[in-house]
1. Can you name the number of the only condition in (1) surrounded by fewer than 17 Cβ atoms within 10 Å (Cβ to Cβ); (2) over 25 Å from Gly191 (Cα atoms); (3) of a type outside the set (Ser, Thr, Tyr) that Val342 fails?
2. Hey, does the range 5-19 have a residue that's in contact (Cβ under 8 Å) with a residue 40 or more places away in the chain, on the phi < 0 side of the Ramachandran plot, open to solvent by less than 20 Å² (accessible area, probe 1.4 Å) and within 18 Å of the chain's Cα centre (by Cα)?
3. Search the range 99-116 for residues that are over 11 Å from Lys57 (Cβ atoms) and pair each with any residue that is among the charged types (D, E, K, R) and open to solvent by 30 Å² or more (accessible area, probe 1.4 Å) when their beta-carbon atoms are under 6 Å apart and the residues are at least 6 apart or on different chains.
4. For the range 31-76, which positions are surrounded by 21 or more Cβ atoms within 10 Å (Cβ to Cβ) and hydroxyl-bearing (Ser, Thr, Tyr)?
5. Looking only at the range 115-133, decide whether some residue is crowded, with 20+ Cβ neighbours inside 10 Å, at pLDDT 95 or above and within 19 Å of Val172 (Cβ to Cβ).
6. Sort out for me the strands (runs of 3 or more DSSP E) sitting completely within the range 50-112 that have 3 or more residues that are touching a helix residue (DSSP H, G or I) at 6+ places or on another chain (Cβ under 6 Å) and of a type outside the set (S, T, N, Q).
7. I'm checking my understanding of the structure. Among residues of the range 166-178 that are touching a Ser or Thr at 6+ places or on another chain (Cβ under 9 Å) and part of a loop (DSSP other than H, G, I, E, B), which one is farthest from Pro149 (Cα to Cα)?
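The values are calculated or read from the model by the stated rules, or taken from the named source; none is laboratory data. All values reported here derive from a predicted model rather than from experimental measurement. All Cβ positions, even for glycine, are placed from backbone atoms using ideal geometry, and neighbour counts span all protein chains on display. All accessible areas refer to the heavy atoms of the entire protein, side chains included, with ligands and DNA or RNA removed. Shrake-Rupley method; radii C 1.70, N 1.55, O 1.52, S 1.80 Å.
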Amino acid sequence: MKNTPFTHQHIALGAKMAEFAGYNMPISYTGINDEHQAVRKQAGVFDVSHMGEFILKGPDALDLIQRVTTNDASRLTEGQAQYSCFTNDQGGIVDDLIVYCLSPNQSYMLVVNASNIEKDWQWLQQHNDRGVEMHNISDKTCLLAIQGPEANKIVQQLTETEIMNLKYYTFVRGQVAGVPNVIISATGYTGAGGVEIYFEDAGDAAVTIWNALMEAGKPFGLKPIGLGARDTLRLEMGYCLYGNDINDTTSPLEAGLGWITKFSKPFTAHEILSAQKAAGVARKLVGFEMVDRGIPRHDYPIQDETGNTIGIVTSGTQSPSLGKAIGMGYVHTSHAAEGSFVYILIRQQPVKAMVVKPPFR
């Protein structure tokens, strides 16, 4: 397993560690519920240095991005970011990602999922037929996400760059705790507000920023947070997790990602997805909350009232914030309307649930 630059901090803090995407990652420290509530009410810091970062440079960098992603990156100006996805030749999702515009038409950073770094890199190389300069900086990039209502106040103490009014899906560059060339962005995966900081793993930068954050965060109740709470937080918002809710066989239209699928420009699988949009999808990713008692889990069958299988659960949990069980899954379109009742097969027993629109409330 690979370690992140913060692994020794996690172990010293008593984190429960486990393998995730080839990395030795913290799953929890004080418990998922406790960490979840800390992020919703105060602030938490996530080590997400396992994520992948690619730099694309040159006059044809934007052209490459436009051809392999579904969203329209030509709309980005410097300091803006955009949620997007790569689609394969069959219309499935290679990965979902964030595109950062470092310099319009010249320089971009793509942030991809840890489990897909090699796959995504090869996908980009396969389509790079115009000599775009590409750099995989994943192994030398630190990434911390400071999330929660107090997060910006904490980080603001460590930088002279104004971040208190940082708009969603924008970023700035500056120093943090004396470490130069830090990207501070607002593209959070928790729905609780906050920022992410990207910086090079050089010298003592990682330990300097980690210690400065923990010290500055003490008065605000800042806690280190593991991947367990990251999953419950994102699920409450209805955010997709690659490998669970989206994958190589799910299309962005089925996954409710039509809003990042722009048919005004050509991209991989443009024709397939155009036809799918015109015909309508046969299945949809929906949110649901349990009406009767039971916790839905990944791969549990979804049935109709007569016991016919109509879909499958992709994500599910007991929501720490809401005190009820929630989930997401694909169902036949005829059962996807809000307010529809479906049944989750839990221990061979059908348990009633209702289709709702995320975020869950």
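1. If we test Val342 against (1) surrounded by fewer than 17 Cβ atoms within 10 Å (Cβ to Cβ); (2) over 25 Å from Gly191 (Cα atoms); (3) of a type outside the set (Ser, Thr, Tyr), just (1) comes out false.
2. no
3. Short answer, once both residue conditions are applied: Cys101/Glu78; Pro104/Glu78.
4. Answer for the range 31-76, where residues must be surrounded by 21 or more Cβ atoms within 10 Å (Cβ to Cβ) and hydroxyl-bearing (Ser, Thr, Tyr): Ser49, Thr69, Thr70.
5. no
6. Numbers: elements: 52-57, 81-87, 93-103, 107-112.
Hits in the range 50-112: 93-103.
7. Our first condition is that a residue be touching a Ser or Thr at 6+ places or on another chain (Cβ under 9 Å); within the range 166-178, this holds for 166, 168-178.
Narrowing the set further to residues that are part of a loop (DSSP other than H, G, I, E, B) leaves 166, 168-169, 177-178.
Working: Leu166: 13, Tyr168: 14, Tyr169: 17, Ala177: 21, Gly178: 24 Å.
Looking at the filtered set, the residue picked out is Gly178.
Okay, residues lined up against (1) out of contact with any Asp or Glu (no Cβ under 7 Å at 6 or more places or on another chain); (2) part of a loop (DSSP other than H, G, I, E, B); (3) open to solvent by less than 50 Å² (accessible area, probe 1.4 Å):
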{"site": "Leu285", "(1), (2), (3)": "no, no, yes"}
{"site": "Arg293", "(1), (2), (3)": "yes, yes, no"}
{"site": "Gly307", "(1), (2), (3)": "yes, yes, yes"}
{"site": "Pro320", "(1), (2), (3)": "yes, yes, yes"}
{"site": "Met328", "(1), (2), (3)": "no, no, yes"}
{"site": "Lys352", "(1), (2), (3)": "no, no, no"}
